[in-house]
Amino acid sequence: MLIGGLEQGLVIPSLSWLVGVRTKGGTEFGVGPNVTPVGVALVLAAGKTFQTGVLNVPLNVAVVPTKAGMRVSVLTGFSIRHKYSGRPPTPMRPAAGTGPVLHDVR
């Protein structure tokens with residue numbers, strides 16, 4: 001949900017539902033409906049996620065062409081990425097010499 005029109009002293013709520021694809025390189029494209037009190041239109045969006053250190057920084061642009069004109073939104077943010085080694089976590093084991101001593105009794 002976005003609020004538009006603030007620069008003109010208006011409050012216009014806008015709700016979009018996008019379906020899209022994302023490449024391994026972080027580029028993404030989406031399309032879907034956009035609903036406002038004025039009506040329903042089609043939204044087209046594209047963007048790219050940039051990685052810097054442990055941060056993901058997405059930059060997206062959405063365009064909603066309508067009979068009354070074109071609405072454009074620029075969206076950004078960030079998320080923190082955790083390193084993933086690709087292997088399952090190692091189970092916790094007691095340090096050497098601190099666990100129970102087991103003897104093989106025959």
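The values are calculated or read from the model by the stated rules, or taken from the named source; none is laboratory data. These numbers come from a predicted model, not from an experiment. Heads up, the Cβs are rebuilt from the backbone with ideal geometry, glycines too, and the neighbour counts pull from every protein chain shown.
Step by step: first the residues of segment 14-26, then only those that are polar (S, T, N, Q) and under 14 Å from A62 (Cα atoms), then the one that is modelled with the highest pLDDT. Which residue is that?
The selected residue is S16.
When the residues of segment 30-44 are filtered to those that are in contact with a Leu (Cβ under 8 Å, 6 or more places away or on another chain) and of a type in the set (A, V, I, L, M, F, W, C), which remaining residue is farthest from T66 (Cα to Cα)?
Of everything passing the filter in segment 30-44, V31 is farthest from T66 (Cα to Cα).
Residues of segment 15-35 being among the small types (G, A, S) and outside any strand (DSSP E or B), which ones?
Listed by number, the residues that qualify are G25, G26.
Within segment 1-26, take every residue that is surrounded by 10 or more Cβ atoms within 10 Å (Cβ to Cβ) and within 16 Å of V74 (Cβ to Cβ) and give me the one that is farthest from the chain's Cα centre (by Cα).
G5
Considering only segment 1-10, how many residues are at pLDDT below 90 and either in a loop (DSSP other than H, G, I, E, B) or at positive phi (or both)?
Here the count works out to 3.
Got a number for residues in segment 36-72 being on the phi < 0 side of the Ramachandran plot and outside any strand (DSSP E or B)?
Residues meeting the conditions: 5.
In segment 27-43, which residues are more than 20 Å from G77 (Cβ to Cβ) and of a type outside the set (G, A, S)? Let's see the steps before the verdict.
Kept after step one, since they are more than 20 Å from G77 (Cβ to Cβ), are these residues of segment 27-43: 31, 33, 35-42.
Scanning segment 27-43 gives V31, P33, V35, T36, P37, V38, V40, L42.
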